[in-house]
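Participant: The structure is given below, and queries will be raised subsequently.
Just so you know, all these numbers are worked out from the coordinates, no wet-lab data involved. Predicted, not measured: the structure shown is a model, and the values here were computed from it.
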Amino acid sequence: MQINDIVPNLDSKIILYCASGVRSLFAGKQLLEMGYKNVFSMKGGYHAWREIGHSVG
C-alpha cells in the first residue's frame, strides 16, 4: 500500500519474490494495474531459488 512512497518512479525495475512465487505474482499484477511498467515476479520464489543452488543472505 505504500509503494508510491518507496518507489515513486513508475519506470523503476521492481523484482518481487515470496516463498513459492504465487503471492509475488499477484502483487506484480496489482503493481502493473497501478501503472508500474517494469515489474517482475521470481518464478518459483525463494524455494526454487534455493533448489537450483543459489545462495541466500
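Participant: Please report the relative contact order for the chain, taking Cα pairs under 8 Å with a sequence separation of at least 6, and give it as a percent rounded to a whole number. List each step's numbers first, then the result.
Facilitator: Values: 67 pairs, mean separation 21.5, N = 57.
Relative contact order for the chain comes out at 38 percent.
Participant: Figure the gain on full extension for residue 19 and residue 51 (residue separation times 0.36 nm, minus the Cα-Cα span) and round it to one decimal in nm.
Facilitator: Result for the pair: 10.3 nm of gain on full extension.
Participant: Compute the acute angle (0 to 90°) between the alpha-carbon long axis of helix 22-33 and the principal axis of greatest extent of the alpha-carbon atoms of the chain; round to the nearest 10°.
Facilitator: Compared with the principal axis, the helix lies near 20 degrees.
Participant: Separate question: For the chain, what value does the Rg/Rh ratio take when both radii are computed over Cα atoms and Rh is the Kirkwood radius, given to two decimals? Can you show the working numbers first?
Facilitator: Numbers: Rg = 12.3 Å, Rh = 11.9 Å.
Result: Rg/Rh = 1.03.
Participant: Build a GNM of the chain with springs between Cα atoms under 10 Å: which of 21, 44, 35 gets the top mean-square fluctuation?
Facilitator: Its mean-square fluctuation being the largest, the pick is 35.
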